[in-house]
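Some notes on the structure that comes next.
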Amino acid sequence: MANVLLTEKCVRSCPYCFAKEYMTNSSVEEILKWEDLIYIADLFESSNEKHISLLGGEPSLHPNFTEFILYLLKRNFHVNVFTSGIMSEKILLKAKENLRTIDPEQLSFVCNINNPKDSLKNEFQKVKKFLKVFNKQTSTSFNIYKSDFDLNFLIDIIKEYQLKPHIRLGLAHPIPGANNFFLKINEFKVFAKRLMSFFNNLENNEISIGLDCGFVMCIFSDTQLGKLFKLTNNRLGFSCGPAIDFGPDMSVWSCFPLSNIHKKSIYDFNSLKEIYDFYFNMNKEIRGDKIGILKKCSSCSFNKRNLCAGGCTAHLVDIKNFIV
């Protein structure tokens, strides 16, 4: 499932943000045009892909946010919107009037929620208003950039607002050629122990988790892997591959951690498969003979059996060797 940025504007400035450097270097006026949305929808449809994710920045800042979603739904796409939930009263009201009753199987939201302790009070009040409106269509997302993170606050929010009982967990990765906060390799073991400390609370509340790309299998013990297997509903994976992001200027790149490398135009390709194959091969080129981000990856049986990709490719980039 590829990601389409509606706008490069954002309402937050998260220290871990993969996209911060990209947003900073892009025109603040750049938004996806109607004709470009139609082109992308046609490309997806001709590639037999009926799932589309809308991102930003904050996608709800796009002046045609609601209309874009309704258009894609009319074309029978499943639309997944990644949002901070921070919307103005006007935007939220319009979305509520047009989108609230749509089947969650057709329209879903993933709300990326920062710990309220790390957020401005007025921002979190807006998030709560969004959750009250779209609770049945919304699951949560949390990005980990430091080892002393907390998930209990998120469990409480899921229960309070009766959200979908699922948390997408993402690791903040380094962006070659840029600066952002991310979890260092030597902190991975601490992270694993910290994650498992929330196991009982997650299991008792029947909340599943999903591990985004870039996690490394060997940082967990066999016992921890067994628990993760249950928490992920038998969808436990340790992959690293092209996510494919489309910018509002019709550029395309592998994923945000690699957004400074080999950015292309969508018009250079005829299908989503061509795009995926190009960036899959690019990732292989970047990795070269580096099996993974840890020294022991080279002899790892998990890697040889394709159970683990060895972590995020962004950790392995020698930026001098690639076009930025």
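Using packing as a proxy for protection, rank 261-270, 134-143 so that the peptide with the highest average count of other Cβ atoms within 10 Å comes first. Could you put the intermediate results ahead of the total?
On the way: 261-270: 15.3, 134-143: 20.8.
Highest-to-lowest ranking by the protection proxy: 134-143, 261-270.
Taken one residue at a time, the phi angles of the stretch 263-280 give Karplus couplings (6.51, -1.76, 1.60, θ = phi - 60°) of 6, 10, 9, 4, 6, 7, 10, 10, 7, 5, 5, 4, 5, 4, 4, 4, 7, 5 Hz. Gly and Pro are set to x.
The slack in the chain from Lys128 to Leu307, taken as 0.36 nm per residue of separation less the alpha-carbon distance, amounts to 60.6 nm. Multiplying the residue separation of Asn76 and Asp148 by 0.36 nm and subtracting their alpha-carbon distance yields 21.7 nm.
Rounded to a whole number, what % of the accessible area of the chain do carbon and sulfur atoms account for, probe 1.4 Å? Please list the in-between numbers first.
Values: 7810 of 15370 Å².
Here carbon and sulfur together make up 51 percent of the probe-accessible area.
In order along the stretch 308-316, the Karplus-derived 3J(HN,Hα) couplings, from 6.51 cos²θ - 1.76 cosθ + 1.60 at θ = phi - 60°, round to 8, 7, x, x, 6, 4, 4, 6, 9 Hz, and Gly and Pro are given as x. Accessible area per residue for the stretch 248-299 is 51 Å², calculated with a 1.4 Å probe on protein heavy atoms, without ligands, DNA or RNA. Surface exposure of the stretch 1-155, expressed per residue as accessible area with a 1.4 Å probe, stands at 45 Å².
May I ask for the net charge around Val110, where only other residues with Cβ less than 10 Å from the Cβ of Val110 are counted and Lys, Arg are +1 while Asp, Glu are -1? Before the final figure, lay out the partial values.
Values: positive: Lys164, Arg168; negative: none.
Here the count lands on +2.
Computed packing ranks the peptides 219-229, 152-162 as 152-162, 219-229, most packed first, by mean other Cβ atoms within 10 Å.
Every pair of different Cα atoms in the stretch 248-306 enters the Kirkwood calculation, which places the hydrodynamic radius at 13.2 Å. Phi angles of the stretch 116-127 translate, via the Karplus equation with coefficients 6.51, -1.76, 1.60 and θ = phi - 60°, into HN-Hα couplings of x, 5, 9, 10, 5, 4, 5, 5, 5, 4, 5, 4 Hz per residue; Gly and Pro are given as x.
Highest first, please rank the peptides 73-80, 116-123, 169-176 by the mean number of other Cβ atoms sitting within 10 Å of their residues. It would help to have the intermediate numbers written out before the result.
Numbers: 73-80: 15.5, 116-123: 11.5, 169-176: 21.5.
Going by the mean number of other Cβ atoms within 10 Å, highest first, we get 169-176, 73-80, 116-123.
Note on Asp42 and Lys284: with the Förster distance fixed at 22 Å, the Cβ-Cβ geometry gives a FRET efficiency of about 0.15.
The helix-only estimate of mean residue ellipticity at 222 nm for the chain, built from DSSP H runs of length n ≥ 4 each weighted as -39500 (n - 2.57), is -9500 deg cm²/dmol after division by the residue total. Unpaired Cys in the chain, meaning no second Cys C-beta under 4.7 Å: Cys10, Cys111, Cys213, Cys218, Cys240, Cys255, Cys297, Cys300, Cys308, Cys312.
The values are calculated or read from the model by the stated rules, or taken from the named source; none is laboratory data. In this text the structure is predicted, and so the values were computed from the model without any measurement. In this analysis, Cβ positions are derived from the backbone assuming ideal geometry, glycine residues included, and neighbour counts consider all displayed protein chains. Keep in mind that these areas ignore ligands, DNA and RNA; they rest on the heavy atoms of the full protein, side chains included. Shrake-Rupley method; radii C 1.70, N 1.55, O 1.52, S 1.80 Å.
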